[in-house]
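This report concerns only the one structure given below.
A short reminder: the numbers here are calculations on the coordinates, not readings from a lab. A quick note: this is a predicted structure, and the numbers were derived from the prediction, not measured. Note: ideal-geometry Cβ built from the backbone for every residue, glycine included; neighbour counts use all protein chains shown.
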Amino acid sequence: MAFEKLSNSIHELNDNIQAYLHSNSEYYKLKAFKHGMKGATSLVRFMVMGFLLSTAGIMISFALAIVISEAIGVPSSGYFIVGGFYLLVFVLIFIFGKEPIEKLVLRKFSKIVFNDKDE
């Protein structure tokens, strides 16, 4: 009688542990999916915004180059000046911008992934 009670308790404990492990694994799968989707949606949003901003920047650059060319009177000078400005900005970012850009990206994505307000 006591042996059967102990045996039933052990079987019940085993079933409870298996149910706990299963629910725990499902929880972590959902949590990983949630974090993955946050990262994916942020990446898509970043790409769309980057595309729109790049398109606007190209249009503004062409307009600025045309205005500079008309002001100077040499048709290609505005394009060279705008191109030189972008080249200068590229060199400055290449030399001085690695660490600030890494910090900015790390802060932004860690805030997205690890900020769980809804949990």
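Data for the structure
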{"item": "Rough spin-label spacing in nm, given labels placed 7 Å along Cα→Cβ, for I72 and E26", "result": "6.8 nm"}
{"item": "The range 26-94, relative contact order in percent, only Cα pairs under 8 angstrom and at least six apart counted", "result": "17 percent"}
{"item": "On Cα atoms only, tilt of 77-96 relative to the major axis of the chain in degrees", "result": "40 degrees"}
{"item": "Cross-link table K38/K111; K34/K108; K31/K111; K29/K108, entries beyond 20 Å C-alpha to C-alpha", "result": "K29/K108"}
{"item": "Per-selection Kirkwood Rh - the chain (Cα, Å, 1 d.p.)", "result": "20.3 Å"}
{"item": "Angle in degrees between helix 98-114 and the longest Cα principal axis of the chain, rounded to the nearest 10", "result": "40 degrees"}
{"item": "Helical mean residue ellipticity (222 nm; -39500 (n - 2.57) per DSSP H run of 4+; nearest 500) of the chain", "result": "-33500 deg cm²/dmol"}
